1. When residues of segment 171-205 are filtered for being over 28 Å from the mean Cα position of the chain (by Cα) and either at pLDDT 90 or above or small (Gly, Ala, Ser) (or both), how many remain?
2. Under 20 Å from Gln54 (Cβ atoms), modelled with pLDDT of 90 or more, buried (at least 19 other Cβ atoms within 10 Å of the Cβ) and out of contact with any Pro (no Cβ under 8 Å at 6 or more places or on another chain): is that true of Gly264 in this structure?
3. Pick from Ile284, Ile207: which is closer than 30 Å to Ile94 by Cα, in a helix (DSSP H, G or I) and either acidic (Asp, Glu) or out of contact with any Leu (no Cβ under 7 Å at 6 or more places or on another chain) (or both)?
4. Would you confirm whether or not segment 231-242 contains a residue that is out of contact with any Phe, Trp or Tyr (no Cβ under 9 Å at 6 or more places or on another chain), of a type in the set (A, V, I, L, M, F, W, C) and either within 16 Å of Val164 (Cα to Cα) or not in a helix (DSSP H, G or I) (or both)?
5. Among the residues of segment 215-237, is there at least one that is surrounded by 14 or more Cβ atoms within 10 Å (Cβ to Cβ), more than 17 Å from the chain's Cα centre (by Cα) and hydroxyl-bearing (Ser, Thr, Tyr)?
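The values are calculated or read from the model by the stated rules, or taken from the named source; none is laboratory data. The shown structure was predicted, so the numbers you read here are calculated from the model rather than taken from an experiment. As a convention, Cβ positions derive from the backbone with ideal geometry for all residues, glycine included, and neighbour counts pool all protein chains shown.
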Amino acid sequence: MAATKRRGGWIGWLFVLPAAAFYLVFVIQPLAMTVQYSLYKWDGIGVATWNGLQNYLRVFTDPDLFASIVHAVQLIVFFSAIPVVLGLAIAATIRRIAASRLAVVARTVIFLPQVIPLVAAGITWSWLLSSTGLVNQFLSAVGLEKVTRAWLGDFSTALPAVGVIGAWVLLGLCTLLLLAGMSKIDPALYEAARLDGAGAFREFLSITLPSLRQEIGVCVTVTVIAALASFDIVYIATQGGPGNSTMVPGLEIYYLAFSERQVGLASALAVILTVLVIACALPIQWLTRDRKA
């Protein structure tokens, strides 16, 4: 019996081996090499020279590099808080009209940004938010000409505008995840609440919200990582401008490594970004995990 169990264990490891080897070669090894490069001053071609922790020190002392991290943290409000809060409201509304055709149409329309390539979404929003775009045309039509501006070209509005694009992209994902979680809630709980005289808002606070702990955790984790690791939307919409007002770590790493050939500094920023992502994701997972498990 023991021999059979050992044999079964080895067979299981054989099934895992291809995936483990792939993960080791394409994830662990590049991560280890990035940490190694971060300790050197290297242009990617010539001889690397030992630089110790100077690259990390420069990330935190250089105003432009540190500002990119601050911008990524600020984008969390748009990429995470807005999609999750709006997703909860929209999912609760769709659940109440689940039997109607409108619910099917709403789910399709809201999830549509997820199936549109981010490059296409970035280009489209760049047109919409330009000085002659549809947004400014609408504002002018309703008598708000003084508010119009090049939203992605203004230092004060460029980062929030990028955040709006990210919120639009992630709203559909959060809504469908939360809607799937709501579908698992026992309808008897809502019936009992109504018998006790609870209204729609009380039902949401007392039944829906506590039951969606894990789904909310998934949404917040995914959207926070998307904010911290943002690259494509920012690159297409603003390329980090105007100035460095929308520069984020992912884009900064790209410029440092491939334009300025400061591979060591880019690697240090990449390591810091990885640590920041883990530092944000782990507490979220711990706070939202199933306490009954």
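1. 7
2. yes
3. Ile284
4. Yes, the conditions are met somewhere in segment 231-242.
5. No - not one qualifying residue is present in segment 215-237.
Residues checked against (1) modelled with pLDDT under 95; (2) under 12 Å from Thr238 (Cα atoms); (3) touching a helix residue (DSSP H, G or I) at 6+ places or on another chain (Cβ under 7 Å); (4) surrounded by fewer than 16 Cβ atoms within 10 Å (Cβ to Cβ):
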site	(1), (2), (3), (4)
Ile123	yes, yes, yes, yes
Ser126	yes, yes, yes, no
Ser131	yes, no, no, yes
Val135	yes, no, yes, no
Lys146	yes, no, no, yes
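This table checks each residue for (1) over 21 Å from Val263 (Cα atoms); (2) touching a residue at least 40 places away in the same chain (Cβ under 8 Å).
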site	(1), (2)
Ala19	yes, no
Val27	no, no
Ser38	no, yes
Ala48	no, yes
Asn51	no, yes
Pro63	no, no
Leu75	yes, yes
Phe78	yes, yes
